[in-house]
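Participant: There's a structure below that I have some questions on.
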Amino acid sequence: MNTGADTTDTFAAPLPARPPSSRVWRRLRDDRWGLFGLLLVLGYFGISLAVWSGMAGQDWSAASGGRWQPVSAEYWFGTNVLGQDIFQRSLYSVRVAFEIGLLVAATSTLLGALLGALAGWRSGSAADDAVLFVAGVLDSIPFYLFVAAVAFAMRGNPWAMHFAMVATFWTTTCRLVRAEVMRLKSREFVQSALALGLSAPRTVLRHVLPNTVHVLLAQGAIVIVAAIKAEVILSFLGLGVHDGVSWGLMLAESTQEVLAGRFNNLLAASLPLFGILLGFNLVADALQDALDPRATPA
Amino acid sequence: MTARILTVRDLSVRLPAAGADLAVVDRVGFELAAGEIVALVGESGCGKTLTAAALLGIPPEPGGRLEIRTLKIAGREYSSLDERGWRNARGRDIALVSQDPLTALDPVIRTGTQLVSVLRRHGIHSRGEAAAKARELLGEVGLPDPAGMMRRFPHQLSGGMRQRVLIAMALSCDPAVVVADEPTTALDVTTQAEILHLLRTRARDRGTAILLVTHDLSLAARVCDRILVMYGGRIVEQGPAASLFESPAHPYTAGLMAAVPQLTGGDPPVVKPLPGQVPAPGHLPPGCGFNNRCPRADTICRKQEPELTTSNGAHLREVACHRPQRPGEPGNPS
Amino acid sequence: MNTNTPTATPLFEVRDLRVEHAAPGGQKLNAVNGVSLRLREGSILGVVGESGCGKSSLARAMLGLLPVAAGSLFYRGQELTTLASRRRRGTQRGIQHVFQDPANSLSPRRTIRQTLEEPLALYRMAGRDEWPGRIARVLEAVGLGSELLDRYPNELSGGQKQRIALARALLPDPDLIIADEPVSSLDVSAQARVIERIRHARKTFGTAFLLISHDLAVIRQLADDVSVMYLGRLVESGPADRVFAEPAHPYTQALLAAARGNGAPGSGLKGEPPSPLTPPPGCVFHTRCPRAMDRCSRLNPGFTVAAQDDCGAQTHLVRCHLWN
């Protein structure tokens, strides 16, 4: 039946001057879980800043105490088999996780946005086909197999893991951006910019990509989560961090220890990992809701 | 005048607002006779679409409320009907043809299936019978090859064809009243003329009363028997189309007329926009709601709300204005 | 264009333009097929026709947004289709545009000020210190105040957005504005205001307009000359007064009758326009023409002079066998 038609008139109401970004902030502010996630992320960010600036976590490699010291005022989480302070190691791991997450997310988002914009803008062209083909190939290789192969091929290179992650994580961003760009390019304001005489690259950078930020931000947050998880798993498998420390390495150590009833490493790695992933996940969800241009303005 | 098919008294639509409810449609009343085509005219934001929806018992989202003293369709009282009662009545006694035929049809279901399901909901139980009736209806609204049309998806039809399908749906249960909300706005002139012809023929042959909601006063004057002009949620003027178009009494009607480009022979008058904007709901000035845009407003207009009364003693004409224009007076001096 | 009088070179000329669209199945569809137009300096040319008649493709091809399959475009006597895209962009300052959909015509994440500054920066117009003055002047010309400058498009009404689009088009002092259905999605009063502003802009700045609309009454308000399109072809063109008073082509007559009619039988055309993928042979209108003759389905008519006005400058041309 056709009775479900529009029931509201559009009122030419005088609206207060407010940019769209403030609407996003308002929606974020009203999202309790999102705020909680943001708080968590900021907490971890504070820790990693402290580690990065040398204020904490510097003694992660020093074998200062005896092996397997219990929890004490000096060693909050005890020491490991080499007599290293587990608390210090966990703190330093925050920085490692953050670095990898942000770096990989930023690089793969940038790469995905640029290739997605190219493919979407020139959809149906050879460039589009090429981008889609490469993305399809990369998506069809099992991730850990791919990373193992890359790690083997780039033996000894500390960036092998980063490279492998970026190479696989950009594809989703690329597909999302491609679809958005295809939708946007026929819109009148984009045609308007072209008719004004703006070159295609400038039109894309100035009028098209800014309208995909909701995709980029939300997808970026998701990639951070994926990268942190992948780093831990790869390090656990011995394919990731080699000459440093990471929750993954700590978990690898703990596999033997838990059999002996020592849970220090396990808990010191898995609990903070859980916290950071929860934080970023909540932020990603909140961002997605707040930035969704189709959602009705609150 | 022939039999009254629709009687509306004191119909209000209320929206929740800061503090109190806001009457976005305020105590509207009118009548439709059998076979009559009446236009409900006004700018967007005047409440005409809300009024149309209210006639089908649909309150606005979110949290809107209807307050109706009398709503009589073909002798039956509907004002106290609950949602379940309305579901049965919609389509059967009063039906809606909406503005956008693309969104009003489900894109993934064949048009025939949609039409058949409407028929079966309203009493035709046999699938074969419903399909036969559907083909007949599509033929009645002037669609070529009704059987072929039934197999098509909405996006395979042109805008004019989709609008015909919607009209066929609205007419499927032979309702006493059809509310058509801007049915031709999205269509080309030639298609527009055919759709209007279709509605007129229906009104004449079957005595269906049609309420045509439109912003185009010149279209209303060409097609309709009577015109209701709405502003700020109230009916400000009403009367027979020809007489009202000839000598509008309310300055708002005159202003609307001056804003519509005409296509009469010779040099058409240059269009003049109405001053200002439609005020947001709740921001109507005190007194007459139009006084802040009205070239004739004076003290009394700012103090006292005018009632809808017989205008200038003219037959069948009513106007809600303290300072109505008299016939022969120069139009809107803006 | 060998002529001594400078006024004889039209501001913009379209000659035998063909625009193709790719259709499903690798087919080609002629959206615009052999259209020729001449636009005089400071005049308003209305192009009218039903949806799908190719009028928007014509506008987009003139703006360089669609490739030209055949034919030529001349701007002040300069052939545009052979220009390299960089040079072509150089002529773009003189030809601006207003599109239909106010909800979509302005970049949603840019303030009105940013939107208006874009053409000034792009064409390197005047010094930055002169921009506010120029912007204030066009805003005044479209009847808006400068308090809107720091707003975003979603905070403006449809009519206001459309007048901002007009302001942006006027900023670079163009010779020609191509307006594709500039008022068709607006409410009566907003529509009247935009019409008023287009008339005002033509009068004060001498800007010529190509006004595309399906609404004959809007064309009647503004246009000096009218061209009627059907299925990618021009079927009639001439001075607006003449075309509206004595339409020569049966299609124009039907359009006018439909727009003036009261829905009484006979005022509309039979059926729907045929698909542009398979245009009928002969005269493209013969399948719906109430006066079609035998030869209409076989021969495509050429243009005939229906009437010549006093000075002979603007002729009333019609493409119909009835006039042969």
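Participant: Out of the residues in segment B:139-171 that are over 17 Å from B:Val97 (Cα atoms) and among the basic types (Lys, Arg), state the one that is nearest to the other protein chains (Cβ to nearest Cβ).
Facilitator: So, considering only residues that are over 17 Å from B:Val97 (Cα atoms) and among the basic types (Lys, Arg), the one nearest to the other protein chains (Cβ to nearest Cβ) is B:Arg152.
Table: residues versus (1) of a type in the set (A, V, I, L, M, F, W, C); (2) at pLDDT below 90; (3) over 22 Å from C:Arg38 (Cβ atoms); (4) surrounded by fewer than 23 Cβ atoms within 10 Å (Cβ to Cβ).
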position: C:Glu236; (1), (2), (3), (4): no, no, no, no
position: C:Arg242; (1), (2), (3), (4): no, no, no, yes
position: C:Gln253; (1), (2), (3), (4): no, no, yes, yes
position: C:Ala257; (1), (2), (3), (4): yes, yes, yes, yes
position: C:Ser267; (1), (2), (3), (4): no, yes, yes, yes
position: C:Pro290; (1), (2), (3), (4): no, yes, yes, yes
position: C:Gly302; (1), (2), (3), (4): no, yes, no, yes
position: C:Thr315; (1), (2), (3), (4): no, yes, no, yes
position: C:His321; (1), (2), (3), (4): no, no, yes, yes
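Participant: Yes or no: segment A:199-217 includes at least one residue that is touching a helix residue (DSSP H, G or I) at 6+ places or on another chain (Cβ under 8 Å) and on the phi > 0 side of the Ramachandran plot.
Facilitator: No, because not a single residue in segment A:199-217 is touching a helix residue (DSSP H, G or I) at 6+ places or on another chain (Cβ under 8 Å) and on the phi > 0 side of the Ramachandran plot.
Participant: While we're looking at this one, here's another question. List the strands (runs of 3 or more DSSP E) inside segment C:1-84, counting only whole elements, that have at least 1 residues being without any contact (Cβ under 8 Å) to a residue 60 or more places away in the chain. Don't jump to the end; show me each part of the working.
Facilitator: Numbers: elements: C:12-23, C:27-39, C:44-48, C:70-75.
In segment C:1-84, the matching strands (runs of 3 or more DSSP E) lie at C:12-23, C:27-39, C:70-75.
Rundown of residues vs (1) open to solvent by 10 Å² or more (accessible area, probe 1.4 Å); (2) basic (Lys, Arg), yes/no style:
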site	(1), (2)
A:Ala153	yes, no
A:His162	yes, no
A:Cys174	no, no
A:Arg178	yes, yes
A:Arg183	yes, yes
A:Ser186	yes, no
A:Gln191	yes, no
A:Leu194	yes, no
A:Leu205	yes, no
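Participant: Something else about it: Report yes if C:Asp215 is within 15 Å of the chain's Cα centre (by Cα), within 11 Å of chain B (Cβ to nearest Cβ) and acidic (Asp, Glu), otherwise no.
Facilitator: Details: within 15 Å of the chain's Cα centre (by Cα): yes; within 11 Å of chain B (Cβ to nearest Cβ): yes; acidic (Asp, Glu): yes.
Yes: the conditions hold for C:Asp215.
Participant: Based on this model, can you work out whether C:Gly94 counts as open to solvent by less than 30 Å² (accessible area, probe 1.4 Å) and closer than 22 Å to A:Thr203 by Cα? Break it down into steps so the answer makes sense when it comes.
Facilitator: Numbers: open to solvent by less than 30 Å² (accessible area, probe 1.4 Å): yes; closer than 22 Å to A:Thr203 by Cα: yes.
Considered against the rule, which asks whether it is open to solvent by less than 30 Å² (accessible area, probe 1.4 Å) and closer than 22 Å to A:Thr203 by Cα, C:Gly94 comes out as yes.
Participant: While we're here: State the number of residues belonging to segment A:202-239 that are more than 14 Å from chain C (Cβ to nearest Cβ) and more than 17 Å from the chain's Cα centre (by Cα). Break it down stepwise before answering.
Facilitator: Of segment A:202-239, the ones more than 14 Å from chain C (Cβ to nearest Cβ) are A:218-239.
Filter once more, keeping what is more than 17 Å from the chain's Cα centre (by Cα): A:235-239.
Summing the residues that are more than 14 Å from chain C (Cβ to nearest Cβ) and more than 17 Å from the chain's Cα centre (by Cα) in segment A:202-239 gives 5.
Participant: Next up: Which pairs do you get when a residue that is facing another protein chain (nearest Cβ under 7 Å) and farther than 16 Å from B:Phe30 by Cβ, found in segment B:45-74, comes within reach of a residue that is among the hydroxyl-bearing types (Ser, Thr, Tyr) and open to solvent by less than 40 Å² (accessible area, probe 1.4 Å), reach meaning Cβ atoms under 6 angstrom, with the pair 6+ apart or on two chains?
Facilitator: B:Ile58/A:Thr7; B:Pro60/A:Thr7
Participant: Please enumerate the residues belonging to segment B:157-180 that are open to solvent by 10 Å² or more (accessible area, probe 1.4 Å) and either under 17 Å from B:Leu212 (Cα atoms) or among the acidic types (Asp, Glu) (or both).
Facilitator: B:Arg164, B:Leu171, B:Asp174, B:Ala176
Participant: Regarding segment C:58-70, can at least one residue be identified that is of a type in the set (A, V, I, L, M, F, W, C), at pLDDT below 85 and surrounded by fewer than 18 Cβ atoms within 10 Å (Cβ to Cβ)? Show your work before the answer.
Facilitator: Step one: list which residues in segment C:58-70 are of a type in the set (A, V, I, L, M, F, W, C), which gives C:58-59, C:61-63, C:65-66, C:68-70.
Narrowing the set further to residues that are at pLDDT below 85 leaves none.
The answer is no; no qualifying residue exists.
Participant: Residue under question is B:Glu140, and the condition is that it be without any contact (Cβ under 8 Å) to a residue 12 or more places away in the chain, open to solvent by 10 Å² or more (accessible area, probe 1.4 Å), within 28 Å of the chain's Cα centre (by Cα) and farther than 30 Å from C:Ala217 by Cα; does it hold?
Facilitator: Working: without any contact (Cβ under 8 Å) to a residue 12 or more places away in the chain: no; open to solvent by 10 Å² or more (accessible area, probe 1.4 Å): yes; within 28 Å of the chain's Cα centre (by Cα): yes; farther than 30 Å from C:Ala217 by Cα: yes.
Judged against the criteria, B:Glu140 is not a match.
Participant: Outside any helix (DSSP H, G or I), more than 30 Å from C:Gln191 (Cα to Cα) and of a type in the set (Gly, Ala, Ser), is that true of B:Ser80?
Facilitator: Working: outside any helix (DSSP H, G or I): yes; more than 30 Å from C:Gln191 (Cα to Cα): yes; of a type in the set (Gly, Ala, Ser): yes.
Considered against the rule, which asks whether it is outside any helix (DSSP H, G or I), more than 30 Å from C:Gln191 (Cα to Cα) and of a type in the set (Gly, Ala, Ser), B:Ser80 comes out as yes.
Participant: Scan segment C:215-234 for residues that are out of contact with any helix residue (DSSP H, G or I) (no Cβ under 7 Å at 6 or more places or on another chain), closer than 26 Å to C:Arg199 by Cβ and open to solvent by 10 Å² or more (accessible area, probe 1.4 Å) and report the count.
Facilitator: Count: 1.
Participant: Hey, does segment A:259-266 have a residue that's touching a Phe, Trp or Tyr at 6+ places or on another chain (Cβ under 9 Å) and either closer than 25 Å to A:Leu145 by Cα or open to solvent by less than 30 Å² (accessible area, probe 1.4 Å) (or both)?
Facilitator: Scanning segment A:259-266 turns up at least one residue that is touching a Phe, Trp or Tyr at 6+ places or on another chain (Cβ under 9 Å) and either closer than 25 Å to A:Leu145 by Cα or open to solvent by less than 30 Å² (accessible area, probe 1.4 Å) (or both).
Participant: Out of the residues in segment B:86-98 meeting the condition of being in a loop (DSSP other than H, G, I, E, B) and not hydroxyl-bearing (Ser, Thr, Tyr), tell me which one is nearest to B:Arg152 (Cα to Cα). Spell out how you get there, then give the answer.
Facilitator: Applying the first criterion (in a loop (DSSP other than H, G, I, E, B)) to segment B:86-98 yields B:91-93, B:98.
Then keep just the ones that are not hydroxyl-bearing (Ser, Thr, Tyr); that gives B:91-93.
Working: B:Gly91: 23, B:Arg92: 25, B:Asp93: 28 Å.
Across segment B:86-98, the extreme among qualifying residues is B:Gly91.
Participant: Okay, moving on. With the condition kept exactly as written, say whether any residue in segment A:129-141 is under 23 Å from A:Pro210 (Cβ atoms), at pLDDT 90 or above and more than 21 Å from the chain's Cα centre (by Cα).
Facilitator: Yes, segment A:129-141 contains at least one residue that is under 23 Å from A:Pro210 (Cβ atoms), at pLDDT 90 or above and more than 21 Å from the chain's Cα centre (by Cα).
Participant: Between C:Glu246, C:Glu196, which is over 22 Å from B:Asp188 (Cα atoms), within 12 Å of chain B (Cβ to nearest Cβ) and either open to solvent by 10 Å² or more (accessible area, probe 1.4 Å) or of a type in the set (Ser, Thr, Tyr) (or both)? First the steps, then the outcome.
Facilitator: Details: C:Glu246 fails: over 22 Å from B:Asp188 (Cα atoms).
Exactly one residue qualifies, and that residue is C:Glu196.
Participant: Among the residues in segment B:146-165, are any of a type in the set (A, V, I, L, M, F, W, C) and within 16 Å of the chain's Cα centre (by Cα)? Full working, then the answer.
Facilitator: Pass one, segment B:146-165, residues of a type in the set (A, V, I, L, M, F, W, C): B:147, B:149-150, B:153, B:157, B:161, B:165.
Those left that are additionally within 16 Å of the chain's Cα centre (by Cα): none.
No, segment B:146-165 has no match at all.
Participant: For segment B:61-115, enumerate the residues that are under 18 Å from the mean Cα position of the chain (by Cα) and surrounded by fewer than 16 Cβ atoms within 10 Å (Cβ to Cβ).
Facilitator: Answer for segment B:61-115, where residues must be under 18 Å from the mean Cα position of the chain (by Cα) and surrounded by fewer than 16 Cβ atoms within 10 Å (Cβ to Cβ): there is none.
Participant: Report whether or not B:Val229 is facing another protein chain (nearest Cβ under 10 Å), in contact (Cβ under 8 Å) with a residue 60 or more places away in the chain, under 18 Å from the mean Cα position of the chain (by Cα) and open to solvent by less than 10 Å² (accessible area, probe 1.4 Å). Show your work before the answer.
Facilitator: Details: facing another protein chain (nearest Cβ under 10 Å): no; in contact (Cβ under 8 Å) with a residue 60 or more places away in the chain: yes; under 18 Å from the mean Cα position of the chain (by Cα): yes; open to solvent by less than 10 Å² (accessible area, probe 1.4 Å): yes.
So B:Val229 does not fit the description; no.
Participant: In this structure, does B:Pro306 turn out to be within 14 Å of chain A (Cβ to nearest Cβ) and within 15 Å of B:Met230 (Cα to Cα)?
Facilitator: Numbers: within 14 Å of chain A (Cβ to nearest Cβ): no; within 15 Å of B:Met230 (Cα to Cα): yes.
Spelling it out, it is not the case that B:Pro306 is within 14 Å of chain A (Cβ to nearest Cβ) and within 15 Å of B:Met230 (Cα to Cα).
Participant: Of the residues in segment C:75-91, how many are open to solvent by less than 30 Å² (accessible area, probe 1.4 Å) and within 9 Å of chain A (Cβ to nearest Cβ)?
Facilitator: Adding up the residues that qualify gives 1.
Participant: Moving on to the next point. Which one is nearest to the other protein chains (Cβ to nearest Cβ) among residues in segment B:99-136 that are part of a loop (DSSP other than H, G, I, E, B) and acidic (Asp, Glu)?
Facilitator: The initial filter retains those residues of segment B:99-136 that are part of a loop (DSSP other than H, G, I, E, B), namely B:99-100, B:105-110, B:122-126.
Those left that are additionally acidic (Asp, Glu): B:100, B:106.
Values: B:Asp100: 8, B:Asp106: 10 Å.
Among those that are part of a loop (DSSP other than H, G, I, E, B) and acidic (Asp, Glu), it is B:Asp100.
Participant: Take the residues of segment B:264-284 that are farther than 20 Å from C:Gln191 by Cβ and more than 14 Å from chain A (Cβ to nearest Cβ): which is modelled with the lowest pLDDT? Lay out the reasoning, then the answer.
Facilitator: First pass over segment B:264-284, keeping only residues farther than 20 Å from C:Gln191 by Cβ: B:265-266, B:280-284.
The next check asks that each one be more than 14 Å from chain A (Cβ to nearest Cβ); those that pass are B:265-266.
Values: B:Gly265: 67, B:Gly266: 71.
Top of the filtered list is B:Gly265.
Participant: Which of the helices (runs of 4 or more DSSP H) found entirely inside segment C:109-178 contain at least 1 residues meeting this: over 25 Å from A:Val204 (Cβ atoms)?
Facilitator: Details: elements: C:112-122, C:131-141, C:158-170.
By residue number, C:131-141, C:158-170.
Participant: Name the one entry in C:Ser107, C:Ser146 that is open to solvent by 30 Å² or more (accessible area, probe 1.4 Å), over 19 Å from C:Leu176 (Cβ atoms) and not β-branched (Val, Ile, Thr). If you could, list the steps in order and put the result at the bottom.
Facilitator: Details: C:Ser107 fails: open to solvent by 30 Å² or more (accessible area, probe 1.4 Å).
The match here is C:Ser146.
The values are calculated or read from the model by the stated rules, or taken from the named source; none is laboratory data. Worth saying up front: this structure is predicted, and the values here are computed from it rather than measured. Note that each Cβ is placed from the backbone with ideal geometry, even for glycine, and that neighbours are counted across all protein chains shown. Surface accessibility is based on the protein's heavy atoms, side chains included, excluding ligands, DNA and RNA. Shrake-Rupley method; radii C 1.70, N 1.55, O 1.52, S 1.80 Å.
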